[in-house]
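Take a look at the structure below.
Since every read-out is calculated from the coordinates, none of them should be taken as a lab result. If you're wondering where the values come from, they're calculated on a predicted model, not measured in any experiment. Cβ: placed from backbone, ideal geometry, glycine included. Neighbour counts: every protein chain shown.
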Amino acid sequence: MKTSGHTILITGATRGIGRELARTFGQRDNRIIAVGRDASRLAEICDEVPNAWTISADLNVHDDIDRLVSFVENEVGHLSLLINNAGIQFNYNLVDNADAAELFTAEVETNLLAPVRLTTSLLPLLLRSDAEAAVVNMTSILALTPKESAPSYCASKAGFRFFSKTLRWNLDGSNVRVFEVLPSTVDTDMTAQIVGEKLGPAEIATALLNAMDADQYEVPVGLTGQLQELMKTSPEQAEEIVRLA
Ligand SMILES: NC(=O)c1ccc[n+]([C@@H]2O[C@H](COP(=O)([O-])OP(=O)(O)OC[C@H]3O[C@@H](n4cnc5c(N)ncnc54)[C@H](OP(=O)(O)O)[C@@H]3O)[C@@H](O)[C@H]2O)c1
């Protein structure tokens, strides 16, 4: 599908991968609706991305999602690309953390339930788009097999991966495509505590542009492709490597 001429809503656009996606798609003759909670960073996006709309919204608050959807419907009037990128990651142990249930709930709300609510709310607008449209979901290499120290992150991303697949099937025959991007570790605030090799956010943006060009709906980036190959031949080894990563 084409990579320019879209009206694109990007969640988590204030930092990291989302901010890079806003810049990259903004430079390619697309209209950007940048969403996040941090008002000062949203203001910075207006300097970086010409003609961007910025909307402050906490995606865990249903009223904020309703306000966002109403803004897109009534003020923008059109949407052809929804990029569900916002996410959080907690590292903890399910057994010795007294707040495990709260952490698990918060992570599933942000990483899975919020994008599901936003997507289903915006689908009518995407389906009404004259041109081809798409939903892009940012899952993770950890949607394939879990890391021991990130139980709810991995569960939420695996759930988001299954949502992406079933949504793609449900939309078969419509004008709306569903892309799933599965990066390995990317150098952002989320991974500040991790040492070792990391992708740059620009590599995620380039991989998505290439995948859209090629109509390739599953987009492994970085080490994810190698892990998928290893899972075919040595699934136990693959699981152990990611478990302790
Ligand atoms: N970094 C990696 O290694 C990696 C690898 C694979 C997949 N991913 C996925 O890629 C996506 C982006 O990650 P990142 O590394 O760029 O993270 P990041 O730098 O920590 O940025 C996270 C973004 O999500 C937004 N956000 C979080 N909770 C929100 C909420 N309740 N409402 C609205 N916005 C919210 C933040 O907005 P505010 O700051 O304005 O609140 C911020 O813009 C995530 O889904 C992550 O799981 C990351």
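Worth pointing out:
- In loop segments of region 149-245 as defined by DSSP, the GluC sites (Glu not before Pro) with at most 13 further C-beta atoms inside 10 Å of their C-beta are Glu197.
- Nitroxide proxy distance, nm - points 7 Å out along Cα→Cβ at Ser174 and Gln226: 3.8 nm
- Spatially, region 85-130 and region 1-46 are offset by 20 Å when compared through their Cα centroids.
- Summarising the label geometry, the points placed 7 Å from Cα in the beta-carbon direction at Lys165 and Asp187 lie 3.4 nm from one another.
- Summed side-chain charge close to Asp189 - residues other than Asp189 whose Cβ falls under 13 Å, Lys, Arg +1, Asp, Glu -1: +1
- Gyration tensor verdict on region 162-245 (Cα atoms; rounded if a/c is under 1.5, prolate if a/b is larger than b/c, oblate otherwise): oblate
- Compared with the alpha-carbon gap, the fully stretched path from Glu102 to Asp66 is longer by 10.5 nm at 0.36 nm per residue.
- Judged by the mean number of other Cβ atoms found within 10 Å, the most tightly packed of the peptides 140-148, 116-124 leads the ranking 140-148, 116-124.
- Alpha-carbon centroid distance for the pair region 188-245 / region 51-70, whole angstrom: 29 Å
- Summed side-chain charge close to Arg168 - residues other than Arg168 whose Cβ falls under 9 Å, Lys, Arg +1, Asp, Glu -1: 0
- A helix-only calculation puts the chain at -13500 deg cm²/dmol for mean residue ellipticity at 222 nm, using -39500 (n - 2.57) for each DSSP H run of at least four residues, averaged over all residues.
- Anisotropy class of the chain from Cα gyration tensor, a/c 1.5 cut: prolate
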